[in-house]
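Presented below is the structure to which this report refers.
The values are calculated or read from the model by the stated rules, or taken from the named source; none is laboratory data. Quick caveat: nothing in here was measured; it's all calculated off a predicted structure. Virtual Cβ from ideal backbone geometry, glycine too; neighbours counted across all protein chains shown.
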Amino acid sequence: MKKNKNDEFISIVGHELRTPLTSIRWYISMILEWDMWEISDEARKALNHCYDSSVRLVNLVNDVLALSKIESGKMEYYMKDIQITELLKLVYNDVFLEVESKKVDFEIQIDKHLKEKKINIDTDKIRQVFINLINNAVKFTDIWWKIILKVSKIKNNVKFEIIDNGIWIPKDKIDTIFEKFSQIESSLQRTNTTWLWIGLALCKNFIKDFGSEIKVKSEFGKWSNFSFELNLI
């Protein structure tokens with residue numbers, strides 16, 4: 001019973017937070033896009049920062065709510081066929097503003113043999129996986145560096161890899177980053193802070209429910225690679 005009460009509490013608080021945060025994001029976006037106000041460069045910069053922060057908070061709330069549903073066994077999946085190229089277009093639109101604002105070069109590389117192929121997946125949840133993995137790569141990648149989403153055909157599977165040339169992940173931390181409240185320190189000056197890996201915990205659970213697993217490789221001073229495979233249809 002205690003677990004059910006905790007789940008209910010998280011759900012109520014999450015929804016109460018999401019509603020005002022969504023309104024804040026919408027009004028800031030409206031101010032930035034409309035021509036009825038003259039906004040100084042300094043004010044625009046501050047509003048853009050507020051907008052980015054509101055987006056991150058909404059994503060965090062969504063992650064917490066989703067993780068709570070998974071752990072309580074209440075998560076529902078809505079599977080459908082989608083062309084891989086169509087999914088990649090959605091992912092690109094999802095992360096474009098984030099990588100653009102951080103001045104990080106983002107590139108999608110796809111095997112030509114996959115352009116007409118499809119997978120059967122819950123589109124919203126796999127998009128959430130890509131958003132979290134790519135945004136985490138952005139956090140630990142410096143400006144003008146590169147993030148690649150590589151898509152390859154491996155027998156009857158499609159392999160997705162998120163590769164960045166940011167800071168490395170120590171071997172003794174790789175297993176722990178998928179724990180929902182694990183932390184790792186960023187050494188980049190512009191992100192000299194500690195990050196909670198709630199999003200990675202969610203990614204791990206989603207991919208596990210899709211019948212696969214996320215694998216991580218990292219080499220000191222060179223790159224980090226998060227990958228998983230899904231069945232082709």
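Mind listing just one residue for me: the one in the stretch 215-233 that is modelled with pLDDT of 95 or more and aliphatic (A, V, I, L, M) and, of those, farthest from Lys74 (Cα to Cα)?
Ranking the qualifying residues of the stretch 215-233, first place goes to Leu232.
Quick check on Val95: is it more than 26 Å from Val58 (Cβ to Cβ), touching a helix residue (DSSP H, G or I) at 6+ places or on another chain (Cβ under 7 Å) and surrounded by 17 or more Cβ atoms within 10 Å (Cβ to Cβ)?
So Val95 fails the test.
Give Ile28, Ile10 a once-over and let me know the one that is outside the structural domain of Asn205 (by TED's automatic domain parsing), assigned to a helix (DSSP H, G or I) and at pLDDT below 80.
Ile10
Might you check whether a residue that is at pLDDT below 80, under 19 Å from the mean Cα position of the chain (by Cα) and assigned by TED's automatic domain parsing to the domain that holds Lys153 occurs anywhere in the stretch 76-97?
yes
In the stretch 72-93, what count of residues is obtained for those that are outside any loop (DSSP other than H, G, I, E, B) and without any contact (Cβ under 8 Å) to a residue 40 or more places away in the chain?
Selection size over the stretch 72-93: 7.
When you check Lys102 against the structure, is it under 22 Å from Ile198 (Cβ atoms), without any contact (Cβ under 8 Å) to a residue 60 or more places away in the chain and in the same structural domain as Asn135 (by TED's automatic domain parsing), yes or no?
In short, yes.
Any chance the stretch 130-137 includes a residue that's surrounded by fewer than 16 Cβ atoms within 10 Å (Cβ to Cβ), on the phi < 0 side of the Ramachandran plot and not in a strand (DSSP E or B)?
Checked the stretch 130-137: no residue is surrounded by fewer than 16 Cβ atoms within 10 Å (Cβ to Cβ), on the phi < 0 side of the Ramachandran plot and not in a strand (DSSP E or B).
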